[in-house]
Structure formats: C-alpha cells, structure tokens
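The values are calculated or read from the model by the stated rules, or taken from the named source; none is laboratory data. These numbers were taken from a predicted model, which means no experiment stands behind them. With ideal geometry, Cβ positions are generated from the backbone for all residues, glycine too; neighbour counts draw on all protein chains shown.
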Number of protein chains: 2
Amino acid sequence: MSTILAANNSFLETLTGPAQLKHLQLNELTQLSEEIRKEIINNVSRTGGHLASNLGIVEITLGLHYVFNSPKDKILWDVGHQAYAHKMLTGRRESFATLRQYKGLSGFINPTESEHDAFHAGHSSTALSLAVGMALARDHLAQDHKVVAVIGDGGLTGGMALEAINHLGHIQTNVLIVLNDNEMSISQNVGGFSQYMKRIKETFFYKDIKQTLDQIENQLDAFNLRPGLWELISSVKTQAKARFDTPGIVFEKLGINYTGPIDGHDIAAIVHALRQLQGRQKPQILHLITQKGKGYAPAEQDAIKYHGVPAFCLEKIEPVEALKPKAKTYSEVFAEAAIEIGKLEPLLVAITPATAEGSAMVKFGQTFPDRFFDVGICEQHAVTMAAGLAKAGLVPIVSIYSTFLQRAMDQVIHDVAIPNLPVIFGVDRGGLVEDGETHQGVFDIAHLRCIPNFTVLAPKDATELRNMVYTAVRYQRGPVAIRFPRDKAVDGNHGHPLELIDCTKWETIHHGNHIIILAYGAMVDIAKQTCSLLQAKNINPTIINARSCKPLDVVLLRELLNTATNQIVTLEEGCMTGGFGSAVLEFAAQERLNHLQHKQATITLIGVPDRFIEHGSRKILLDINGLSPNDIANFILHLSTQA
Amino acid sequence: MSTILAANNSFLETLTGPAQLKHLQLNELTQLSEEIRKEIINNVSRTGGHLASNLGIVEITLGLHYVFNSPKDKILWDVGHQAYAHKMLTGRRESFATLRQYKGLSGFINPTESEHDAFHAGHSSTALSLAVGMALARDHLAQDHKVVAVIGDGGLTGGMALEAINHLGHIQTNVLIVLNDNEMSISQNVGGFSQYMKRIKETFFYKDIKQTLDQIENQLDAFNLRPGLWELISSVKTQAKARFDTPGIVFEKLGINYTGPIDGHDIAAIVHALRQLQGRQKPQILHLITQKGKGYAPAEQDAIKYHGVPAFCLEKIEPVEALKPKAKTYSEVFAEAAIEIGKLEPLLVAITPATAEGSAMVKFGQTFPDRFFDVGICEQHAVTMAAGLAKAGLVPIVSIYSTFLQRAMDQVIHDVAIPNLPVIFGVDRGGLVEDGETHQGVFDIAHLRCIPNFTVLAPKDATELRNMVYTAVRYQRGPVAIRFPRDKAVDGNHGHPLELIDCTKWETIHHGNHIIILAYGAMVDIAKQTCSLLQAKNINPTIINARSCKPLDVVLLRELLNTATNQIVTLEEGCMTGGFGSAVLEFAAQERLNHLQHKQATITLIGVPDRFIEHGSRKILLDINGLSPNDIANFILHLSTQA
C-alpha cells in the first residue's frame, strides 16, 4: 500500500452522516479533507472512476455540509461526477468498492441512493435551472430552506446555465451558486466567460481604484478644499463602488451578487464565506478557485488524463497510460479516420463540445490546430456552428456523444436537416454505457431516423467505420450520422486503402437459411456470435449487416419480405420504440400495400426495452437486456420451434 | 385607401436590388424607409403576417444593405420573421401579395427564395452560431467578406446565443453582431441580461465618472499639488477608462467590442456606426435601440398584439381584436383549462418560453401572477426549471410549441423522464402549421414516444383537451405530454363539470365494420368526416379515438389485431417515421410472438411523409399530404377493394 494511504482515517471512520460534521472544529475539517482525499485516491485506483474532479472539490463539499443542513437544505451538484466526497459524507462510504459497477454505487448523483442527493445529475449545466425551480417552489410553499447549486466553470459555459443565470438575475429569488472554478470542464475550458474569470483572478490582488482614491483623499487632507470638491470625490467613490468595485462585475450586472475569488482548498475561508452568504436573501455566486487532481501529484499534473480513469496502480508514475486497453476503441478509430481523411481533404474541420478526450479527438486537434474547434459544453452552438461551416463550404465533422446530441436536437433539425447541409455527425457512445441512465445512448436512432434528409449509419467494425467516415466526407449531399458504441472496436486492422462504400446497401455477412438476422452497427458482431451458437443447434441463420437504418436497403428488404417463409429478426443496441426495427416494420407495412395479395415474412424486434437502463459494464447491460449472443440464440431457437 | 398610403413609393418602385441602394443619399434613405414602412403596413393588412417587428427594423435593414455588399457579405437574420424590408430590397417586393400563402412568399428567411438570404431561419437565437461558423469558414478559405448577425434582445436570451458569444469572445474572429434592442422578444422580455441593457440606456446619457474626475482636476488646478498626486489621479482615470468607460462592459468583458447604444431609427447614425465598424477585425456588437411597430400607431401602442396578425382593416382602431376568429383555438382551450384547474389546485404553476401570447397563456399569468413564469426564449431552462418545481412538490405545466420542445429534448429525457417527474407538457402547434418548414410540429410524437415513463396524449376536441389537462394534473405519477394543433378547437362547448378520464383507454367513436380507423388527436375529426364520405360509398368504418400513443390501449388493440379480417388504418398529423402508426406496428409484432399460430389484422399507416413541409394554411397542408377526409376516404376505398 502506498505511503499516501498510511494515515489512519480516524474522523472519516466515525462519521455516519453530515449532521455529525457540525461538531468538528475547523482544523479537524482540514484533517478530514486529507482523509477523504486519500480514500478517494485509494478507491478509484481500485475501481476506476472520476478522479481529478473529485479530488478538487473535497474542501468545498466539506464546507457545504458543515454550513448547510442537507437534506433540508437542497444541494444540487451539477454533472454529478464530482460527488464522491459528498457520497462518503452521506452514508455511502462503505459502498465505494462497488463504484460504477452493476447494482453498485452510481458514479453520479442519484436520489434513489440517498435523500442527500437532491436531484440526479449526469449531464452538465442543469443545476442552476433546477435550483431556480426548487427555490421558486420553496417560496411558493412558504418553506425556509436554502437552495445551493454547485457548478463548475465548464458547466457555466452551457447555454442552459446562462439562461438560468439570466432568469435568476431577473426574478431575484434566493439561490446560492457555488462556482467551482478549476479552469477546465472535462477538457481545457474555452470561452470568453472563462477568460473573463481568469482575468478576475489575475487582477484581484492588484490595488483597486478605490484604494487609489483613498490615497488621493489622504493626500488632499492637507489642503483646505471646498466642500463641493469632497462631495465630487465621494461621488466618484460611490459610483466606482457601484460600477467596478467587484471582480465579478459581469455577474453583478446580470443581477447576481458576487463574492470571491476565494481559495477553494482553504476550508476556513470557504466556511467563512458560506456563513456570510447563508443569511442573504438575493441570488449569490461564490467563486472558488480549485485545482483538479489536488493532492495526487500525477492528477495535478495532468487533470485531463485523470478526469475519468480505469483502475490503476498507485505506485506507477504513468499508471493510466500503462493500463489502458491496447485494442483501439471505436472513438479512436473514428478520430484516426478523421485525421487520415483530413490529410486528403483540406476542407475537413472537426468540432467537439468539450469531449475531445472522451472521443479521442485530441490528436485531430494537434494535427490540425486550425481545423479543430472545441467549443466547450455547448452542444447547441456546436451543431449550428457546424451548419454555418458547411453552408460556407467546409466539410464539418461534429464529434459528439449520443446523449449530448439530445441537447441539440432542434439544431440538428432546424439548422442542418432543413437546409440539407452535409454535416457529418460522429455519434459516439451510441448504445449501452457503464455511466448509467443519463448516458445511455439509446434514443439516437429513433430521434434521428424521423428527420427528413438524414442518412443514419452504424458500422459493423473498425474498417467499416473508417470507410463510412471517408464515404460521408465524399458524399456531401446531406447530413450523415455515423453511430458507434463506447467499446473496443471489432477488427481494428488498418492499412487497407480507404474505400468508398455504398452505405445504403446492406451487406450479407453469412448466407444461411430463412431465419434472417438484420443487425445494425455493433450488433453485427453479436449476430455473428449468435450464428455460431445457432449452428451448434443446427440452425443456420442468414446474417445481414444492415449498416444504414435510413435509408433502408429497400431492394434487399423487399426481396426478404416477399418470401413468406422468411423470419426476419432485427437487432439493435437502441430503444426498440421507434428504432431500426420499427423502420423495417414501417417499410413492410408500406410494401404490403403494393403487394396486397402476397403473404409477407414475419418480423421480430430485438433491442433495448422501454425503460431507463442502470449503470454497469456494456457487456453486463447487453446481457441483462437480452442482447447477449446466448439470449438472442435462445430467442431465435424459441421462434423457430414455434413457427 | 388610408392616408398613410397616399405617398408615391418613388424610390422603392425603382429599386431592383441592394446594389442600387448605394447610389442614394442619406436623406433619400430616410424617405425610402418611410416608403418601405407604408408598404409593409399595407401588405400585412391584406395578407396578415408579422407586423411590429418588421416596422421596427426598417432603418437597420436599409443601413445594412447600404453599407455592406450582400450576397458577398453574409447578413444573417435571427428568427427571420423581421425580414420583410430585407425581402423588399432584395427583389421580392412584387411577391408580397402571396406572403405566407401556399407556394407564395415565405414569412421567414429562406435561401431558396434569394441569394441574399444567407441562411434560413425560423427559430430564435441561431444567428450567432451560424455567424461564427461562416466566419471561421471564411477565414479558413482566406476569403474577405464580412459576416453580420442581426439578433434581437429576445434572441440574445437564448442559451445558444450566449454559447456563441462565449465562443466568439474566445476565438476573436471577425463577426459583427447587430443587436436590435426593442426591449422585447415576442412577449415582454425577461432576464438579467435585458435589465442590464435597460440600465445601459438609462445611464448612458448621465455624466460619467470620467467627467466627474475632470471636474475634480479642474478644481484642483488651483492648488499646488505634489506631482505624485497628479499621477494618482491620472492612474484612476486610466483604470476607469479601461474598466468602466463603456456601457457595454458585460460584452467587453466577454471579449466582444461594444458600440452604442444608438437610435435604431436614425439612419444617418446607423450608417455612420456601421461604416466605423466595417473595417474592424475583432468581434463587434452594435447596440441599436428600436421601437416595435414604429410608424403605425396601433402597433407602437401594443407591439405584442401586433407581433403576428391576421389580415386587418387599416381604418379600424382595434383591427386585430375585431377580426380574430370567434371560435376558440386549442391553445385557448388549454389555457382556460389551466386557469380553471389552477383555481382548484393551488400547487399548479405554468411556465412558458416567451410564447405566452401564442399559446394564450397571458390570461393565466394575469389570473395567477405568482404562479406563472415566462422565462424568455429559454426552452432548456424552462423544462429543467419545471423539473425542479415538480421535484419540490409543485404541479408544473410547461406550455410550449412542438418545435420549440425540440430545443429541450435532452432536458425532457434527463431532467424529467429519468426521475419520472409529473411535469405536464402542453405541446402547442403539434401538427401542420402555416409558418413552414421550421415550425412544422411533426416530430413530437416520434421523439417523445421513445422516452420511457412518458404518457403522450392528444385530444380529439376541446372537451377532451380540458379533461386531459385535469386528469394529468391529478395523475402525478410521471410526465404527461398533451399535444394539440394550431387551429380552432373542435366542439368548444364548455360548462360541463371537469371529468377524470382514463386517457390510456381508447374510445370507440363509431361502431362500423372491419375497416378500423385508429385516429390520434385532431385526426379524430378528420376520421369522422372520412366516415361520412365512406358511408356514402357503402363502407362503414369503425372510428376509434386513439387518444394515447404511449401507452397504447393494449387490451382494445389486442382484440382488434386478433381478428384477421380487420383492416386497421392509423391516422396521425405527425411524421409516419417512428410515430403513432409505428407504435401500433411494434405492438402487433410483439403480439404476434404471443400468438404465433394466429393470423393478424393488417395495418396501414397514414401520416405526414418523410420530407419537410412548406408553408401554407393547415387545411392546404393536410390536403397536399393526403390527410384530407377526401384523400383518406379514397385511400381506404382503394384498400377495401383490393383486400
């Protein structure tokens, strides 16, 4: 065990809830913060999880639970991946060994786990709107608790957070915003706002104008000035106080009282500030400066790398890199394809909403610094900006997580699809992911498929993904979405020349009998495994790589449908409601109109059921939702015996 | 003809494009602005359309086309409903008689109409992101044109616009933002931002701190001060200049150079300012103050009423009110139900994103001023704030247009559906609307239906809408969407007591034979008309009010499906891709698994095809998309003869 873990966790071990915290002295809180930090490092090194952000927010968490009374007071944690200290202080310390594991402790805020989780979180920038709603409700119900929203400087760049600040400044209801400013969202932060906050910090310790005026006054004391002149000087001081005697003038101008900046690792300063603000009735923002990865040297030095990590060895100097899986992920294959094709196509540019690391697009940015735009946590802006880029003649790729694309659905429709612009969407994390409910990328097929002009593709493996990106870049007749899961890519072999493929034609992977599996995207691999299992039971299904769910390969599908003995099974890693299988059903209904006298093949849908899916590894989640090769094989066996 | 229209439109009549404009003198531009204004009033009084906003922006439009060179320079009009003057100046004056009519001139910006429409618009707050994209593309392609975004103060409250400002302030590319500040979006504007801009205007003409300092200096001249004191005073002035000598400090702090405020009806001042800014390389914002409805007294006095108007008589004092259709709209029925139920349920509150007028919720706000929140053009914030309200124990109704709900799809999933909160969505303008592509409310069924925990209802008439709102308020077990079209409500009779209905049970409206029409929402009325037509041809269909598309009435549907001679036709005013019909197909596929030996009823889908639908009256749009009673009857006749 590392020396860092040698200290005895005396305070932490005795705590059962936040109420007990209030008996501690301030210096004891400092010791407790060290204990928590060690426990986080120790736990995450074993389970993996979000590290840097959780180390950065330990003192803020302690301060909040020391001063406020959860669950009566509502503490809203934006994004929710920085709540490990909060979880430890609210009765969940023992569960950390199960962090992010199926049926284990969630990696995010989750009210089903604890009454101290005031509202679940997972996506960024929601806390301020929730706080406004909960504060308005409190006022309406004449309750008297506090509503506190904890948001990072990254979350503050999200449009919804700015909408909420705008509204809060107007209605002036009692909300405390705790701004955890670590100068980055998941990636290095971008934006005029974050630069502004940086300047606040740089200039804060400079002599202020008021101080200069005080000096002038002192010197003028020696002179026998007319009373009117003193009044003039006094009016300057008043105006100066009102207009610029605050480093948070932007917030002040928008109607939010600003306090800060304060060292977010100085527990005494935090507690002092929170106590001061606790009794205020108007909206407040407390600006705290923290360091991501605080207290663990490797994470302090590279907070981006240590944002989210797999399990690692504490003794290694470069633990994360060393333990990274060797096989390429779909994200990496996509990003490498973008770079490779970017070298051929000088008009190609890429946009990412603060997910450059997660989607492996960092290298694209390094290769083409002038052709890469990380816009911060601003999905709406990312998509509409891409529309502008496309309209003006460039070839934009938007690299975005499936569930974050939900943030920009109107922009996809209004700014990309209506003008039919050739924006390419690399829809990452399309499918089941370990992060849980908030991050399950299961709605993208249904949501995108109903939008006119769209092509919605999903590759069966690395080679096809690479060729799809290439084909989309060359296509240029409308928007194309290419969807892939968060997982190691099947068949990562590179070195083949890039190939234009007719994506709208499906591909027969295996010629078998009348049981036909139409598999979409990553499900092709599952279908192949299913095929082996079925062959062992003397069933030889036909496996088709249905790589486009919009448009469908109507020629092939028509042929399959018009053989009444065919049993078609659709297979997708997305919600069955309105998804790929429904597309096949819709075409079959239409096709029946054209051949009213014919009997059709039967169609059965396999996909993600109509419920929110919990956290756990992709493999486990596929298993429990009937999407394992074994389950599918059994299902098909059952079908074939009944038919 | 009104006296206001008596003047001869001499300049306007001779103009064929913006290039010619540049030959005019400034005083001639003033005359031209009056001509344009008269022509707008005259035209809109005959065709209906957006009036107040178009009257307010005449001089800005002239100034932009006078100084910049469209189409080389790109002028992006946010929202696009204020572009009538722009259209008149760019060769579309003759088409105004066809404004907003089917195959006529679009009421919005539309690049298919003119090369001077740099990007289409319809929804708010997109122009800045588009401008950033187009400016980045210009820089990448080493072109040298200007990119100008024209946005209202209302549009600026939208989160995406704030995201774009944040990004623009960071990347410092050359974009000119022209802020048309009329102190309102569609409704009276809300938000800290707009209050801040109001204060800019109020304080702008006051003596500045610098001026006061100058006076102090002058008085101190009489004294023999130490040199160090003069330096101190000088340093105060320098710091003051740097830090507050601008009314647009918020923009400046975010990295956007601010100019203004300037009278937006003073054409000479506008041209002067635009010429000054034309050569700048850094991002600029020009703040222009305008009056909505300028030049037409009734619209000046009530810009909200004159935002969008039907045709009216110029001579009448209260023309709009007098010509309003007498029959209640679905919006009005919904709003009145909310008020009626609000009186019974003190926890009920309502939220609207700047659509209080359009959705008839103004009266709700007047009746319950403390229970009504117009959050401005902030759909994301509106939905997540509603989640906060619901979580804290209130009963929130979000009144929102179908296409604006697209702006908040992630919030619907992440903040409402995952925690399964009882937020009620009044989805207005669900269906085909005269505004065109950008406003067609056809995706809501498909988008909402795939979200777990949701109930997705649509009423057949006014009475059912009222009871659905009541039932949803009493339900409180999860989110409920109630969708209705932009049209007069069928059966507006009130006075019945409110009734709890089992919304998830469908209702058989007419018992007929084995042709069964499952009609969703407003399509029930069309189905009834279809029924009459079919009866005249000796076909007597069964008509079912399928008022819930999620959940389906599985008991009834199972019964219908298991009669193989049944022909089921689904009817919806929404995209057929993934919509209500697909829900029926999905259930049938599932049901077939349970009864593998049985033959099923056949299912045929009728709905909006997979293309973007142009503008025109709802009736015309239903007609051309095969959704008229006549077309549906013919379709069913064809079906029944073939079967």
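Does segment B:91-121 hold any residues that are more than 14 Å from chain A (Cβ to nearest Cβ), closer than 25 Å to A:Ala392 by Cα and among the charged types (D, E, K, R), and which are they?
B:Arg92
Among A:Asn630, A:Asn625, which is the only one that is under 26 Å from the mean Cα position of the chain (by Cα), of a type outside the set (A, V, I, L, M) and more than 25 Å from A:Ala564 (Cα to Cα)?
Numbers: A:Asn630 fails: under 26 Å from the mean Cα position of the chain (by Cα).
Selected residue: A:Asn625, the only one of A:Asn630, A:Asn625 that is under 26 Å from the mean Cα position of the chain (by Cα), of a type outside the set (A, V, I, L, M) and more than 25 Å from A:Ala564 (Cα to Cα).
Please report, ordered by residue number, the helices (runs of 4 or more DSSP H) entirely within segment B:531-643 with at least 1 residues that are at pLDDT below 95 and within 13 Å of another protein chain (Cβ to nearest Cβ).
Working: elements: B:554-561, B:580-594, B:618-624, B:629-642.
Filter on segment B:531-643 gives B:580-594, B:629-642.
Being touching a helix residue (DSSP H, G or I) at 6+ places or on another chain (Cβ under 8 Å), closer than 24 Å to B:Gln31 by Cβ, at pLDDT 85 or above and aliphatic (A, V, I, L, M) narrows it down to one residue among B:Ala268, B:Ala311, B:Ala297; which is it? Break it down stepwise before answering.
Values: B:Ala311 fails: closer than 24 Å to B:Gln31 by Cβ; B:Ala297 fails: touching a helix residue (DSSP H, G or I) at 6+ places or on another chain (Cβ under 8 Å).
Of the residues listed, the single one that is touching a helix residue (DSSP H, G or I) at 6+ places or on another chain (Cβ under 8 Å), closer than 24 Å to B:Gln31 by Cβ, at pLDDT 85 or above and aliphatic (A, V, I, L, M) is B:Ala268.
Could you list, in sequence order, all residues of segment A:389-415 that are under 22 Å from A:Leu344 (Cβ atoms) and either among the hydrophobic types (A, V, I, L, M, F, W, C) or part of a loop (DSSP other than H, G, I, E, B) (or both)? Quick ask: steps written out before the conclusion?
Filtering segment A:389-415 for residues under 22 Å from A:Leu344 (Cβ atoms) gives A:389-390, A:392-399.
Residues satisfying the conditions are A:Leu389, A:Ala390, A:Ala392, A:Gly393, A:Leu394, A:Val395, A:Ile397, A:Val398.
Tell me, which residue of segment A:482-540 that is β-branched (Val, Ile, Thr) and farther than 21 Å from A:Val554 by Cα is surrounded by the most Cβ atoms within 10 Å (Cβ to Cβ)?
Let us first name the residues in segment A:482-540 that are β-branched (Val, Ile, Thr), namely A:482, A:490, A:501, A:504, A:508-509, A:515-517, A:524, A:526, A:530, A:539.
Then keep just the ones that are farther than 21 Å from A:Val554 by Cα; that gives A:490, A:526, A:530, A:539.
Working: A:Val490: 20, A:Ile526: 22, A:Thr530: 29, A:Ile539: 19.
The residue in question is A:Thr530.
Please go through segment B:271-294 and pick out each residue that is out of contact with any Lys or Arg (no Cβ under 9 Å at 6 or more places or on another chain), of a type outside the set (A, V, I, L, M, F, W, C) and either in a helix (DSSP H, G or I) or at pLDDT below 85 (or both).
Matches in segment B:271-294: B:His272, B:Arg275, B:Gln276.
Is it the case that some residue within segment A:68-85 is out of contact with any Ser or Thr (no Cβ under 6 Å at 6 or more places or on another chain), closer than 17 Å to A:Ser10 by Cα, among the charged types (D, E, K, R) and modelled with pLDDT of 95 or more?
No, segment A:68-85 contains no residue that is out of contact with any Ser or Thr (no Cβ under 6 Å at 6 or more places or on another chain), closer than 17 Å to A:Ser10 by Cα, among the charged types (D, E, K, R) and modelled with pLDDT of 95 or more.
State all residues of segment B:133-180 that are at pLDDT 90 or above, more than 11 Å from every other protein chain (Cβ to nearest Cβ) and under 24 Å from B:Ile400 (Cα atoms); if no residue qualifies, say none.
Scanning segment B:133-180 gives B:Ile151, B:Gly152, B:Gly155.
Conditions (1) within 14 Å of another protein chain (Cβ to nearest Cβ); (2) out of contact with any strand residue (DSSP E or B) (no Cβ under 7 Å at 6 or more places or on another chain); (3) under 20 Å from B:Leu432 (Cα atoms); (4) not in a loop (DSSP other than H, G, I, E, B), marked per residue:
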residue: B:His496; (1), (2), (3), (4): no, yes, no, no
residue: B:Cys503; (1), (2), (3), (4): no, no, no, no
residue: B:Gly512; (1), (2), (3), (4): no, no, no, no
residue: B:Leu518; (1), (2), (3), (4): yes, no, yes, yes
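I need the full set of residues from segment A:341-394 which are crowded, with 23+ Cβ neighbours inside 10 Å, acidic (Asp, Glu) and more than 9 Å from chain B (Cβ to nearest Cβ), in order please.
Matches in segment A:341-394: A:Asp374 only.
For the list (1) within 14 Å of chain A (Cβ to nearest Cβ); (2) out of contact with any Cys (no Cβ under 9 Å at 6 or more places or on another chain); (3) β-branched (Val, Ile, Thr); (4) surrounded by 15 or more Cβ atoms within 10 Å (Cβ to Cβ), I need the number of the one condition that B:Thr455 fails.
Failing condition for B:Thr455: (2).
Can you find a residue in segment B:612-621 that is under 24 Å from A:His598 (Cα atoms), surrounded by 18 or more Cβ atoms within 10 Å (Cβ to Cβ) and out of contact with any Cys (no Cβ under 6 Å at 6 or more places or on another chain)? Let's see the steps before the verdict.
First pass over segment B:612-621, keeping only residues under 24 Å from A:His598 (Cα atoms): none.
So far as segment B:612-621 goes, no, none of its residues is under 24 Å from A:His598 (Cα atoms), surrounded by 18 or more Cβ atoms within 10 Å (Cβ to Cβ) and out of contact with any Cys (no Cβ under 6 Å at 6 or more places or on another chain).
Do we find that A:Ala127 is within 11 Å of another protein chain (Cβ to nearest Cβ), within 16 Å of A:Gln284 (Cβ to Cβ), touching a Ser or Thr at 6+ places or on another chain (Cβ under 7 Å) and not basic (Lys, Arg) in this structure?
Values: within 11 Å of another protein chain (Cβ to nearest Cβ): yes; within 16 Å of A:Gln284 (Cβ to Cβ): yes; touching a Ser or Thr at 6+ places or on another chain (Cβ under 7 Å): no; not basic (Lys, Arg): yes.
No.
Taking segment A:248-263 on its own, how many of its residues are within 14 Å of chain B (Cβ to nearest Cβ) and either hydroxyl-bearing (Ser, Thr, Tyr) or farther than 22 Å from A:Ile57 by Cβ (or both)? Reasoning before the result, please.
Of all residues in segment A:248-263, those within 14 Å of chain B (Cβ to nearest Cβ) come to A:248-258.
Narrowing further to those that are either hydroxyl-bearing (Ser, Thr, Tyr) or farther than 22 Å from A:Ile57 by Cβ (or both): A:249-250, A:252-255, A:257-258.
The qualifying residues number 8.
Does A:Asp435 satisfy being within 14 Å of chain B (Cβ to nearest Cβ) and at pLDDT below 95? Walk me through how you get there before you give the answer.
On the way: within 14 Å of chain B (Cβ to nearest Cβ): yes; at pLDDT below 95: yes.
Considered against the rule, which asks whether it is within 14 Å of chain B (Cβ to nearest Cβ) and at pLDDT below 95, A:Asp435 comes out as yes.
Across segment A:65-82, what is the total count of residues that are surrounded by 19 or more Cβ atoms within 10 Å (Cβ to Cβ) and more than 22 Å from B:Met385 (Cβ to Cβ)?
The qualifying residues number 5.
In segment B:461-470, what count of residues is obtained for those that are of a type outside the set (A, V, I, L, M, F, W, C) and crowded, with 24+ Cβ neighbours inside 10 Å? Full working, then the answer.
Just the residues of segment B:461-470 that are of a type outside the set (A, V, I, L, M, F, W, C), to begin with: B:461, B:463-464, B:466-467, B:470.
The next check asks that each one be crowded, with 24+ Cβ neighbours inside 10 Å; those that pass are B:464, B:466.
Residues in segment B:461-470 being of a type outside the set (A, V, I, L, M, F, W, C) and crowded, with 24+ Cβ neighbours inside 10 Å: 2 in total.
Out of B:Glu591, B:Glu559, B:Glu572, I need the residue that is under 25 Å from B:Pro609 (Cβ atoms) and either of a type outside the set (S, T, N, Q) or not assigned by TED's automatic domain parsing to the domain that holds B:Asp461 (or both). Which one?
Working: B:Glu591 fails: under 25 Å from B:Pro609 (Cβ atoms); B:Glu559 fails: under 25 Å from B:Pro609 (Cβ atoms).
Exactly one residue qualifies, and that residue is B:Glu572.
Which number in (1) modelled with pLDDT of 95 or more; (2) within 27 Å of B:Ala83 (Cβ to Cβ) marks the one condition that B:Ala335 misses?
Answer for B:Ala335: the failing condition is (2).
Name the residue, out of A:Asp444, A:Asp410, A:Asp428, that is buried (at least 22 other Cβ atoms within 10 Å of the Cβ), over 24 Å from A:Met523 (Cβ atoms), acidic (Asp, Glu) and out of contact with any Cys (no Cβ under 6 Å at 6 or more places or on another chain). Lay out the reasoning, then the answer.
Numbers: A:Asp444 fails: over 24 Å from A:Met523 (Cβ atoms); A:Asp428 fails: over 24 Å from A:Met523 (Cβ atoms).
Sole residue among the options that is buried (at least 22 other Cβ atoms within 10 Å of the Cβ), over 24 Å from A:Met523 (Cβ atoms), acidic (Asp, Glu) and out of contact with any Cys (no Cβ under 6 Å at 6 or more places or on another chain): A:Asp410.
Quick check on segment B:416-430. Is at least one of its residues facing chain A (nearest Cβ under 10 Å), assigned to a helix (DSSP H, G or I) and closer than 21 Å to B:Gly158 by Cβ?
No, the conditions are met nowhere in segment B:416-430.
Kindly evaluate A:Ile526 against the criterion of being touching a Gly at 6+ places or on another chain (Cβ under 8 Å), more than 14 Å from every other protein chain (Cβ to nearest Cβ) and in contact (Cβ under 8 Å) with a residue 12 or more places away in the chain.
Details: touching a Gly at 6+ places or on another chain (Cβ under 8 Å): no; more than 14 Å from every other protein chain (Cβ to nearest Cβ): yes; in contact (Cβ under 8 Å) with a residue 12 or more places away in the chain: yes.
Here the answer is no, as A:Ile526 does not meet what is asked.
Do we find that A:Ile482 is in a strand (DSSP E or B), at pLDDT 95 or above and within 20 Å of A:Ile397 (Cα to Cα) in this structure? Show your work before the answer.
Details: in a strand (DSSP E or B): yes; at pLDDT 95 or above: yes; within 20 Å of A:Ile397 (Cα to Cα): yes.
Yes; evaluated as a whole, the condition is true for this residue.
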